[in-house]
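**Q** Mind looking over this structure? Questions follow.
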Amino acid sequence: MSSRDVIFSRIRTALADVPNLEPEQDIPLNWEYGKPLPLPDVLETFVQNCLDYKAEVERVPAAKVPEAITKMLKEHKVRTMVVPAGIDDGWRKAAEKGGVKLIDDDPPKTHQELNEIDAVMTASRVGIADTGTIVLDHVADQGRRALSLVPDLHLCVIRADQVVSDVPEAVQRLKPSVQAGQPLTWISGPSATSDIELSRVEGVHGPRNLLIILAE
Amino acid sequence: MTINLSISPRRTPAPPPGTIGIGQPEPVASPAFRENAKRQLQNTQMRKNLRHATTTIRNKRLLRVAEVPNWEEVRSAGAALKDRIGRHLDKYLAQAEENLTKAGAHVHWARDAEEANRIITGIVKSKGVDEVVKIKSMVTQEIEMNEALEAAGIAAWETDLAELIVQLGHDRPSHILVPAIHRNREEVREIFNKEMGQYGTPPPDKMSNDPPILAGAARRHLREKFLRAKVGISGSNMVICDTGTVCIVESEGNGRMCLTLPETLISVVGVEKVIPTFDDLEVFMKLLPRSSTAERMNPYTSMWTGTTDGDGPQELHVVFVDNGRTNALADPEGRSALRCIRCSACMNICPIFERVGGHAYGSVYPGPIGIILTPQMRGINSAIDKSLPYASTLCCACADACPVKIPIPDIIVHLRNKIADKKKHDMHPHLEPTVMVPVNWMFNSAKHFEFVQKAVSFAAGTALKNTDYLGPMPWPASPWTRARDIPAPPAESFRQWWKKNRGGRR
Ligand code: SF4
């Protein structure tokens, strides 16, 4: 018998007392999926919770996004930045206006090369107000996972209509991405650890700076 | 802690001798919990650090939980889903296998630790490499994978900061969430100074013991390993059956490094870690971060569904591990222990765990969940496993904290019964029935009871003039009184008082 068969037969023997019903009938669930969380102001909650996680947030009208990009990159003295292929042209120009040298991931940069680059700029898929989270599904305007991981600063632009109240709504919005086989990265603030005497240190391996621009 | 590395051919720092794994062929050599606990209680530094950690996390958890208006409903949904999974595990595993395979992952099955390690070692060797980077994972500790890889000449580098401290310190984790919490910053600095340079990028000269500086040293030390790694190894918090998606929840970003940069990724997953649908994710992503690190959301969660062209590892393996889980599943009264999502809330709230720490439990799974899970997975044969269900005061705090409502105290009592039955069955002379004969006599009639009460207060009155507590007593009460103070019996019992003041009226 293969190990697979052994394990399945152990499971069936172990569950001899369980009636032969459909799982949903056997253990019904009193739960409504995808329910929004009633919040007085979804966008403001999103901003506050992102700030609470030590991300920097700029809330601007859509037309002012380029301006915010230039300003934030200047403030952080970013010199080089990798950008995914599908990024907005206006955002690229805004970054260059801030004196940043843009690097395209084409041909794909090696890990070592990415490690030498100061920053990365991406769009995003979903924002979650209740938890201060942004989720990337790594399509063309966000790029492959390594891009938003290796450089030390991540600038992420999110549209107001992408921000939902809570995790259940977000899961529903993300379902098509997963069904299309896209990986997901949920990001809540910069990388952090509390491993030494429980004192919180921002930034271990992921980007130590997370900058979010919320475009209304 | 005494291994001399200059003469050792090892690739990674050696852990202390002995085993805390589950399902290893050799019997577990750890002494019973009581002896371990006594030794751990000597370590005041550890106790101080642990008390600080558990108090901070559990208080913060209460805040985070209070923010969720329907917390109890989410808990019930989590518990029900986990029961649904456990009771129909064969169906869900078959579905997970099908969808993982469809998405392009290779699925393997391991009956026990030994087989899991053989599969993992085989995959790593087939890639022609002699090192891997790994994410902190309970199941890889449970099967003691690092040592199996080491024996095959493969170095497994821990990349979580706390696990790095534990590995470089030739040590063992003391908590499942903050494994190096028994070390203070000065000890961490010493470990880094002494060991880091032997295994890669050394720490900076004259490094201070400031946590951000220490974390910075770890970042530099590990960055080199991440960038060159060809194989990564992870556990998984959830495998989603209807989409074939693997999910990892973490804080530092070391997980993302291990999941993204290597060409090959091996995920080792306990068979109970599957969840039915992608929709169900909402329940667990609400329960887990708030219950474990007491955050609204952990910094990073990664999910992947098979391989993606030009993004991340191009070869994925999932190794499903039984290793005693089906033993737990076979006990209808004990199987709900498999609901566990390894959040550690039960540990942070447990008065016993807070005092003795994770090392006393002789298992990778310490605390309330450990004392019900380890004996179910490993059996109740060794001294440590037989003693674990007694490492509880049955105060029930764990059951209140558990996000998936595992009735931990009920299972503790159930396992104690099992152990007592086994003892009876093994024909060892047994104390309890002997004690119960006079106890029966005492409770049989009011007269008998009164007689005993009078005798006790008389004896106490003569023997205990200056103290309120009885100390250790001679056998047969010695095992019980060694660790407990018994309040001295009152000079007058309630029955005596009633008789005197109410004239025996009923
Ligand atoms: S038993 Fe419950 S509280 Fe304890 S670690 Fe598991 S899920 Fe968390």
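The values are calculated or read from the model by the stated rules, or taken from the named source; none is laboratory data. This one's a predicted model, so the numbers in the text were calculated from it and none came from an experiment. We place every Cβ from the backbone using ideal geometry, glycine too, and count neighbours over all the protein chains shown. Heads up: the accessible areas ignore ligands, DNA and RNA and are worked out on the full protein's heavy atoms, side chains in. Shrake-Rupley method; radii C 1.70, N 1.55, O 1.52, S 1.80 Å.
**Q** Tell me the carbon and sulfur percent of the accessible area for the protein assembly as shown, rounded to whole percent, probe radius 1.4 Å. Kindly include the intermediate steps, with their values, before the conclusion.
**A** Details: 16210 of 29860 Å².
About 54 percent, which is the carbon plus sulfur part of the accessible surface.
**Q** Right, here's the next one. When only C-alpha pairs under 8 Å and at least 6 residues apart count, what is the relative contact order of chain B, in percent? Before the final figure, lay out the partial values.
**A** Details: 841 pairs, mean separation 99.7, N = 506.
Over chain B, the number comes to 20 percent.
**Q** Among A:107, A:19, A:38, which one shows the biggest mean-square fluctuation in a GNM of chain A, springs joining Cα atoms closer than 10 Å?
**A** Maximum among the listed residues: A:19.
**Q** How much accessible area is lost when chains B and A come together, counting both sides, with a 1.4 Å probe, in Å² rounded to the nearest 100?
**A** Separately minus together, B and A give about 7500 Å² buried.
**Q** If the reach is capped at under 16 angstrom between alpha carbons, list the lysines near residue B:454, excluding any in the same chain fewer than eight residues apart.
**A** Partners within reach: B:499, B:500.
**Q** A further question on this structure: Based on the alpha carbons, how large is the Rg to Rh ratio for the protein assembly as shown when Rh follows Kirkwood?
**A** Working: Rg = 28.0 Å, Rh = 27.5 Å.
Using only Cα positions, Rg/Rh for the protein assembly as shown is 1.02.
**Q** Shifting gears a bit: Run the 1.4 Å probe and let me know the accessible area of residue B:498, rounded to the nearest 10 Å².
**A** Probe radius 1.4 Å; accessible area of residue B:498 about 90 Å².
**Q** Nearest 5 is fine: what % of DSSP beta bridges in chain A come out antiparallel, could you say? Display every interim value, and only then the final one.
**A** Working: 8 of 32 bridges.
If I count the DSSP bridges inside chain A, around 25 percent turn out antiparallel.
**Q** Another question about this same structure. May I ask which of B:38/B:418; A:175/B:405; B:127/B:206 have a Cα-Cα span longer than 30 Å here? The partial results should precede the final answer.
**A** Values: B:38/B:418 25 Å; A:175/B:405 28 Å; B:127/B:206 39 Å.
Pairs exceeding the cut-off: B:127/B:206.
**Q** Okay, next question. State to the nearest 20 debye the size of the charge dipole of segment A:57-215 about its Cα centre, where the only charges are +1 on K and R beta carbons and -1 on D and E beta carbons. Could you put the intermediate results ahead of the total?
**A** Numbers: 19 positive and 22 negative charges, 63 e Å.
Here segment A:57-215 has a charge dipole of around 300 debye.
**Q** Hey, what did chain A get for relative contact order, percent, Cα under 8 Å, at least 6 apart? List each step's numbers first, then the result.
**A** Numbers: 393 pairs, mean separation 54.7, N = 216.
After rounding, I find 25 percent.
**Q** Relative to the longest principal axis of the C-alpha atoms of chain A, give the angle of the C-alpha long axis of helix A:65-75, reported between 0 and 90° and rounded to the nearest 10°.
**A** 80
**Q** Provide the percentage of antiparallel DSSP beta bridges, counting only those with both residues in segment B:33-321; round to the nearest 5. Please report the intermediate quantities before stating the final value.
**A** Details: 9 of 33 bridges.
That works out to approximately 25 percent antiparallel.
**Q** Output the residues of segment A:201-216 meeting this criterion: accessible area (heavy atoms, 1.4 Å probe) in the chain alone minus accessible area with all protein chains in place is 40 Å² or greater.
**A** A:201, A:204, A:205
**Q** Give me the Å³ per residue figure for the convex hull around the C-alpha atoms of chain B.
**A** Values: hull volume 96.4 nm³, N = 506.
With only Cα atoms used, chain B gives 191 Å³ per residue.
**Q** Can you list the residues of segment A:7-42 whose accessible area drops by at least 50 Å² going from the chain on its own to the full set of protein chains, with a 1.4 Å probe?
**A** A:7, A:8, A:10, A:11, A:14, A:15, A:23, A:27, A:29, A:31, A:33
**Q** Assuming a ≥ b ≥ c are the square roots of the Cα gyration tensor eigenvalues, decide whether segment B:260-337 counts as rounded (a/c under 1.5), prolate (otherwise, with a/b larger than b/c) or oblate.
**A** Values: a/c = 2.38, a/b = 1.31, b/c = 1.82.
Here segment B:260-337 falls in the oblate category.
**Q** Does segment B:33-321 come out rounded, prolate or oblate by the C-alpha gyration tensor, with a ≥ b ≥ c the root eigenvalues, rounded set by a/c under 1.5 and, if not, prolate when a/b is larger than b/c and oblate if not? Before the final figure, lay out each step's value.
**A** On the way: a/c = 1.69, a/b = 1.16, b/c = 1.46.
It comes out oblate by the Cα gyration axes.
**Q** Return one number: the angle in degrees, 0 to 90 and rounded to the nearest 10, between the long axis of the Cα atoms of helix A:42-52 and the longest principal axis of the Cα atoms of chain A.
**A** 80
**Q** Which whole-number percent gives the relative contact order of segment B:33-321, counting Cα pairs below 8 Å spaced six or more residues apart? Write out the running numbers ahead of the final one.
**A** Details: 462 pairs, mean separation 76.5, N = 289.
RCO, segment B:33-321: 26 percent.
**Q** Gaussian network model of chain A, Cα springs within a sub-10 Å range: biggest mean-square fluctuation belongs to which of A:171, A:57, A:201?
**A** Maximum fluctuation in the GNM of chain A, among the listed residues, is at A:201.
**Q** Kindly identify residues of segment B:253-269 having a loss of at least 40 Å² in accessible area between the isolated chain and the assembly of all protein chains, probe radius 1.4 Å.
**A** Flagged in segment B:253-269: B:256, B:257, B:260, B:261.
**Q** Might you list the cysteines of the protein assembly as shown that have no disulfide-compatible partner by the rule of another cysteine's Cβ under 4.7 Å?
**A** Among the cysteines of the protein assembly as shown, those whose Cβ sits 4.7 Å or more from every other are A:50, A:156, B:241, B:247, B:258, B:340, B:343, B:350, B:395, B:396, B:402.
**Q** Keeping every protein chain present and rolling a 1.4 Å probe, give me the accessible area per residue for segment B:191-270 in Å². Let's see the in-between values first.
**A** Details: 2210 Å² over 80 residues.
Roughly 28 Å² per residue, with all protein chains present.
**Q** Let me ask something additional. To make sure I understand the rule: partners must be lysines, Cα under 29 Å from the Cα of residue A:71, and not fewer than 8 residues away in the same chain. Which ones qualify?
**A** A:54, A:93, A:97, A:101, A:109
**Q** If you don't mind, another one. Under the Karplus relation 6.51 cos²θ - 1.76 cosθ + 1.60, θ = phi - 60°, what is the ordered set of whole-Hz ³J(HN,Hα) values for segment A:115-126, x standing for Gly and Pro?
**A** For segment A:115-126, the Karplus-derived couplings read 5, 8, 8, 5, 8, 9, 10, 9, 8, 8, 9, 9 Hz, x marking Gly and Pro.
**Q** Which of the lysines could be linked to residue B:422 by a straight reach, that is with a Cα gap under 21 Å, when you skip same-chain ones fewer than 8 residues away?
**A** Straight-line reach from residue B:422, under 21 Å: B:386.
**Q** Rounded if a/c is under 1.5, else prolate if a/b is larger than b/c, else oblate: which is segment A:40-215, with a ≥ b ≥ c the root eigenvalues of its Cα gyration tensor?
**A** Details: a/c = 1.28, a/b = 1.19, b/c = 1.07.
Note, shape of segment A:40-215 comes out rounded.
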